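Heads up, the thing below is written out as structure tokens.
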Amino acid sequence: MSRTLLVEIGTEEIPARFLTPAATSFRELFVEFLTKNSIPYGEVKTFYTPRRMTIIVERIADKQNDILTEVYGPPVSKFFTDKGELTQQAIGYLRAHNITVDEIKTKQKGGKEVVYYVKREPGKPVARLVSDTLYELVQKVRFPKTMRWNGDGFRFARPIRWMVVMLDDEVIPVEVAGVKSNRISYGLRFDPPITVDHACNYLKLMRAARIEPDPEVRRKKILDAIHKEEEVHNIVWVEDRELLDEVVNLVEAPVPIGGEFPSRYLKLPEPVIITALREHQRYFAFKDRDGRLSTHFLFIGNNPDADIEQVREGLEHIVVSRLEDAMFYFEEDQKRKLRDRIEELKKVVWRAGLGTLYDKTERLVKLTQHLHQYFADVPKEKLERAVWLAKTDMLTTMLRDGKEFTKLQGIIGKEYALLQGEEPEIATAIYEQYLPKTQDDPLPATDIGTILAIADKVDSIVGIGMIEGLPKGSFDPFALRRLAQGVVRIVVGKGLFIKLKPLLELAFKNYGREPEVDKYLAFFKDRLRRMMEDKGVRYDIIEGVVSLDEDDLYDLYLKGMAFNKMRDKPEFEDLVIIARRVGNILEGVEADPKPDTAKLTEPAERAIYSKAMEIMPALEEAKRERRYEDVVNLLLELGPYIHRLFDDVLIMAEDAAIRKNRLALVNFIYAMFRDMADFRKMVLPGD
Amino acid sequence: MIPYQDIVLKLDEYWRDHGAVLGLPYSSEVGAGTFNPFTFFYVLDERPWCVAYVEPSKRPKDGRYAENPMRLQQFIQYQVIVKPAPRDIQDIYLRSLQHIGIELKKHDVRFVEDDWESETLGASGLGWEVWVDGMEVTQFTYFQQMGGIELKVIPVELTYGLERLAMLVQNKRDIFDIIWTDDVSYGDIWKRREYEFSVFNFDEANIELHFKMFESFVNEFYRLLERGLIFPAYDYLVKASHTLNVLDARRAISPEERQKFIAKVRRMANSIAKKYLGYE
């Protein structure tokens, strides 16, 4: 019979950022439990609010499937006598398993024909399985951080205070962390408890009690409220998906409440105001139609019975105190310009063991000077000025003392630089040095910002890597992978052909250390691998190009993309076959770079040589211009000549002089392939 | 309108009825009620304990020369410890707000994640800030560690911001307008002190003297600890911690040095906690 299973874990308020991943992990654990125990079910749904995590399993069987096992007995030869009668042993077997001879089957096993029967154990009731297993499932729910709250040491994100566990209309008895399951749930704080009469009525009962358990419905309600606010006040939401995600998980009965802050605070840099609204208060910010920050904000309350006017007043009041704080830091900071703070960089340690911010800046000067060769159009003085200003915002009170504002590094630098009359390009670069911070963050737009962003990341990776080691496994406490990923995204996204080895060497030299270039280059190449995987490049193609002895990541990327584009065409197979054929011959032998043309006696030899010479100029040009699809097509033209060469000519000829010259010819041809990929790493259908 | 001092009386009354010991503020400067021995020592062991007291708390860096309507270098906490944490502690807490006259049903009350940590005390806990209409009025923490020691019985710490509560109850926009009694305002009592201490913290505190004081307090702490005089030793830990905060406000120490000083005090807190429990 098909039923509905309800599990609601009632808690004190679970942090918003924990909820979604925890609910996902709870669901996965549940699905695993149902599958492992072969319990038939229709659908597993999850719902959650700050005070509850709920699983509803629809159309769940009331018993697990029967368990069938084959129970073996003696060989057939010992089961029946020659006359076909049961042996003593057979009678014993039948009696022991309480079966008749009709249930017996036979099967070949270990070279003998043996007797067996299929034992059918009836499935256990689902209620009992849930009752036995739920403790373990709840214990396994993953959170970034857990706590203890009573003597038994049970850990969860926040204390568990009630549990509703029901199969249809019956409570399944469970105890977790001293809490016994029953049918009583809790809604809004000052509302009476909710009695769940039947598992399938759960959502209806919750909604009747004004709780919205479905985060997607809450999200829609909040977005509708934002859009209504936009319309009514003729303003545009400063889109902030992260904040939206958080607010969805901060409320269970969303009530939008708009408010205003006094316009005198518009004097503050906009990012500071937005931070004051979002970081601490979780208010949504808006812009006017002309793109300037609006004094309007939107808060999502959690109490439908609240006196809206009174709450609004409170909200407006509290944000003033935040903005007042920001004003204090801002005015304090304007007393000294960023450019007058450079000496002060010497007083602040960047990282223990890695010198001060001044030391960091000096290293950045050298790295950016080196990188300048790739950006000939950038005026050197401008670049240098940006570098010297880059870290000065770390000295401002806004970043040192500003609590929620301390996250604004780079942003404060940019805003203050603009106010203090620095060129916009320099100001922007100060902000862009930290880009991209996340997977989806934009790349630096300005050249100076790009140079600084690469230099700062490389310096940090080398410095921190030197002291803490490069990350291993999933543990990356200093986010070095994210920094390396940033560099890869920049060079690929902006199409920069940058030689990484000399840059890394310089970064090490800046710290006065022996360069460990290979290890660090491999670290960057790992990030390139990951990026190409994400773009759907086949793994063997990635391996083929990444294992080249090449430190220009964008070049490797282009080669990988070119191969990947043609990977399903027959030509790709051809290319790999011919490249390997050529390469294999050369495995472990010394060969001259070029043959003596006078000694090329066979027609096949002469043919391939002249074909190679014919395509050489175009090939070199295509390589120079990194048109790697063209390169591949040109190389493919050599295909028939290579096959003919190997079919007609014995490369490893008896005569040493001839052999030497033929190897030189092959080597000459192979040189045209070698810098494109390590073809041995690439996989063909037949491999 | 309920005056500030009546709010305190009501909280005393409420927690007395919940079986709390009504404690006293500590006799020297602390950064939070957590520093008071009523909390620091009494949460370490496994015996039940419930205490409530007022604690003026000094945060030298937060001074604003009495010009900011909501920030002070000294604010007044109402501190409650309940050990072990009762199952309905959130409700008990919310009823205490109702008891001082906040009609919670009409407000937006929520518990927003805020994991609390005192680096100097080697203390940490998980919990929330409690917001009423967007304003933080209480820090609500389940202690997990104190003095670097993992606690076996988990206490809950409730730290009410009395100024915040008074502003809410009295509907004031500026701390200094809070009425202490019908005739005396918060500003009457504290404004001049706020201003003078801001000047002291930011501009006048004698840096050289404070460095010396810090060293002396640390030395005295270890001398007394060695003699098993735990409570007198603890006084010097608290003094050292406050001296450090003054030096920090005075911009006399770099962030790196600050970390070193904090580590020093944390080691003191750890050794005294162990001694108190008889581990050493």
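None of the figures in this text is laboratory data; all of them are computed from the coordinates on show. Source: prediction; values computed, not measured. Because the Cβ atoms are built from the backbone with ideal geometry, glycine has one as well, and the counts that use them run over all protein chains shown.
When a/c reaches 1.5 or more, the comparison of a/b and b/c decides; with that in mind, is the protein assembly as shown rounded, prolate or oblate per its Cα gyration tensor?
Here the protein assembly as shown falls in the oblate category.
Apply the Karplus parameterisation 6.51 cos²θ - 1.76 cosθ + 1.60, with θ equal to phi minus 60°, to every residue of the stretch A:453-458 and state each ³J(HN,Hα) to the nearest whole Hz, in sequence, with x for glycine and proline.
5, 5, 4, 5, 5, 4
Sort A:His643, A:His227 so the one with the fewest other Cβ atoms within 10 Å of its own Cβ comes first.
Result, fewest neighbours first: A:His227, A:His643.
Which loop GluC sites (Glu not before Pro) in the stretch A:601-687, with loop taken from DSSP, have no more than 15 other Cβ atoms within 10 angstrom of their Cβ?
Working: sites: A:Glu605, A:Glu614, A:Glu620, A:Glu621, A:Glu625, A:Glu629, A:Glu637, A:Glu654; in loops: A:Glu625, A:Glu654.
Answer in residue order: A:Glu625, A:Glu654.
What does the charge dipole of the stretch B:4-201 about its Cα centre add up to, to the nearest 20 debye, if the Cβ of each Lys and Arg holds +1 and the Cβ of each Asp and Glu holds -1?
Numbers: 21 positive and 32 negative charges, 19 e Å.
Dipole of the stretch B:4-201, to the nearest 20 debye: 100 debye.
Check the straight Cα-Cα distances from A:Lys78 and name the lysines below 20 Å, setting aside those fewer than 8 residues away within the same chain.
The reachable lysines, counting only those whose Cα sits under 20 Å from A:Lys78, are A:Lys105, A:Lys107, A:Lys109, A:Lys112.
How much net charge surrounds B:Arg95 when only other residues with a Cβ under 13 Å from its Cβ are counted (Lys, Arg +1; Asp, Glu -1)?
With Lys, Arg at +1 and Asp, Glu at -1, the net is -2.
Which one, A:Leu556, A:Trp388, B:Leu104, projects farthest toward the positive side of the charge dipole computed for the protein assembly as shown from Cβ point charges (K/R +1, D/E -1)?
Positive-most Cα among the choices belongs to A:Leu556.
Treating only the Cβ atoms of Lys and Arg (+1) and Asp and Glu (-1) as charged, compute the dipole magnitude of the stretch B:207-276 about its Cα centre; round to the nearest 20 debye.
On the way: 13 positive and 8 negative charges, 42 e Å.
It works out to roughly 200 debye.
Over what distance in Å are the Cα centres of the stretch A:21-90 and the stretch B:58-90 separated?
Here the answer is 56 Å between Cα centres.
Once you have a ≥ b ≥ c as the square roots of the Cα gyration tensor eigenvalues for the stretch B:1-135, tell me rounded if a/c is under 1.5, and otherwise prolate or oblate according to whether a/b is larger than b/c.
Working: a/c = 1.33, a/b = 1.01, b/c = 1.31.
Rounded, because the longest to shortest axis ratio a/c is under 1.5.
Can you compute log10 of I(q)/I(0) for the stretch A:344-557 with the Debye formula, treating each Cα as one identical point scatterer, at q = 0.08, 0.09, 0.17 Å⁻¹?
Log-scaled intensity ratios, in q order: -0.27, -0.34, -1.25.
Given the pairs A:Lys494/A:Lys559; A:Lys499/A:Lys565; B:Lys10/B:Lys172; A:Lys140/A:Lys472; A:Lys347/A:Lys391, which are separated by over 21 angstrom at their Cα positions?
Numbers: A:Lys494/A:Lys559 16 Å; A:Lys499/A:Lys565 25 Å; B:Lys10/B:Lys172 19 Å; A:Lys140/A:Lys472 25 Å; A:Lys347/A:Lys391 12 Å.
Beyond 21 Å between Cα atoms: A:Lys499/A:Lys565; A:Lys140/A:Lys472.
For the stretch A:49-122, run through the GluC sites (Glu not before Pro) and keep only the ones in DSSP coil with at most 12 other Cβ atoms within 10 Å of their Cβ.
Listed in order of number, the matching sites are A:Glu85.
Arrange A:His317, A:His97 by Cβ neighbour counts within 10 Å, fewest through most, would you?
A:His97, A:His317
Can you put B:Val109, B:Val246 in order of Cβ neighbours within 10 angstrom, beginning with the fewest?
So the ranking, lowest neighbour count to highest, is B:Val109, B:Val246.
On full extension of the chain, what length is gained from A:Lys494 through A:Asp197, given 0.36 nm per residue of separation minus the C-alpha to C-alpha distance?
100.8 nm
For the stretch B:147-209 and the stretch A:249-326, compute the distance between their C-alpha centroids and round to whole Å.
So the two Cα centres are separated by 25 Å.
Amide H of A:Ile67: which non-local residues (sequence gap of 5 or more, or other chain) have their own amide H closer than 5 Å, using H built in the peptide plane?
A:Glu121, A:Gly123
Report the equivalent ellipsoid semi-axes for the stretch A:67-121 in whole Å, largest first, defined as the square roots of five times the eigenvalues of the gyration tensor built from alpha carbon atoms.
18, 14, 8
Of the options A:Ala96, A:Gly111, A:Leu68, report the single residue whose Cα projects farthest towards the positive end of the charge dipole of the stretch A:67-121 (beta-carbon charges: Lys, Arg +1; Asp, Glu -1).
Projecting each Cα onto the dipole axis, the largest value belongs to A:Gly111.
Compute, for chain A, the length of the dipole vector about the Cα centre, with Cβ point charges of +1 (Lys, Arg) and -1 (Asp, Glu) only. Units Debye, rounded to 20. Walk me through the numbers before you get to the answer.
On the way: 106 positive and 114 negative charges, 302 e Å.
That gives a dipole near 1460 debye.
Indicate the gyration tensor shape class of chain B (rounded, prolate or oblate), computed on the Cα atoms with a ≥ b ≥ c the square roots of the eigenvalues: a/c under 1.5 is rounded; otherwise a/b larger than b/c is prolate and the rest oblate.
oblate
Tell me, in nm to one decimal, what length is gained between A:Ala352 and A:Asp290 on full extension, where the rule is 0.36 nm per residue of separation less the Cα-Cα distance?
Once the chain is fully extended between A:Ala352 and A:Asp290, it gains 17.7 nm.
So, R0 is 22 Å and r is the distance between the beta-carbons of B:Arg267 and B:Lys212; what FRET efficiency does that work out to, to 0.05?
Here the calculated transfer efficiency is 0.65.
Given the pairs A:Lys228/A:Lys267; A:Lys337/B:Lys239; B:Lys58/B:Lys264, which span a C-alpha to C-alpha distance of over 25 angstrom in this model?
A:Lys228/A:Lys267; A:Lys337/B:Lys239
How many lysine pairs in the stretch A:566-687, separated by 8 or more positions in sequence or lying on different chains, have Cα atoms less than 25 Å apart?
11
With the crude spin-label approximation of a point 7 Å out along Cα→Cβ, what separation in nm comes out for B:Arg95 versus A:Ala657?
Inter-label distance under the simple model: 11.0 nm.
Can you work out ³J(HN,Hα) from phi for every residue in the stretch A:156-170, in order, using Karplus 6.51 cos²θ - 1.76 cosθ + 1.60 and θ = phi - 60°, giving whole Hz and x for Gly and Pro?
Calculated HN-Hα couplings, in order: 7, 4, 8, x, 8, 10, 7, 9, 10, 10, 9, 10, 6, 9, 10 Hz.
Highest GNM mean-square fluctuation, chain B, Cα pairs closer than 10 Å: which of B:Val43, B:Val153, B:Val54?
B:Val153
Please give the average number of partner chain Cβ atoms lying within 10 Å of the Cβ of each residue in A:146-155, rounded to a whole number.
Averaged over the peptide's residues, the number is 4.
Expressed in nm to one decimal, what extension gain is obtained for the pair A:Glu70 and A:Ser610 from 0.36 nm per residue of sequence separation less their Cα-Cα distance?
Net length gain for the segment: 187.2 nm.
Projected onto the charge dipole of the stretch A:9-141 (+1 at Lys/Arg Cβ, -1 at Asp/Glu Cβ, origin at the Cα centre), which of A:Ile55, A:Ala127, A:Phe80 gives the Cα projection farthest towards the positive end?
The residue sitting most towards the positive pole is A:Phe80.
Per DSSP helix of 4 or more residues, -39500 (n - 2.57); summed, then divided by the residues of chain B. What does that give at 222 nm, rounded to the nearest 500?
About -13000 deg cm²/dmol.
So which trypsin sites (Lys or Arg not before Pro) in the stretch A:8-104 end up in coil per DSSP with only 13 or fewer other C-beta atoms within 10 Å?
In loop regions of the stretch A:8-104 (DSSP not H, G, I, E or B), the sparsely surrounded trypsin sites (Lys or Arg not before Pro) are A:Lys83.
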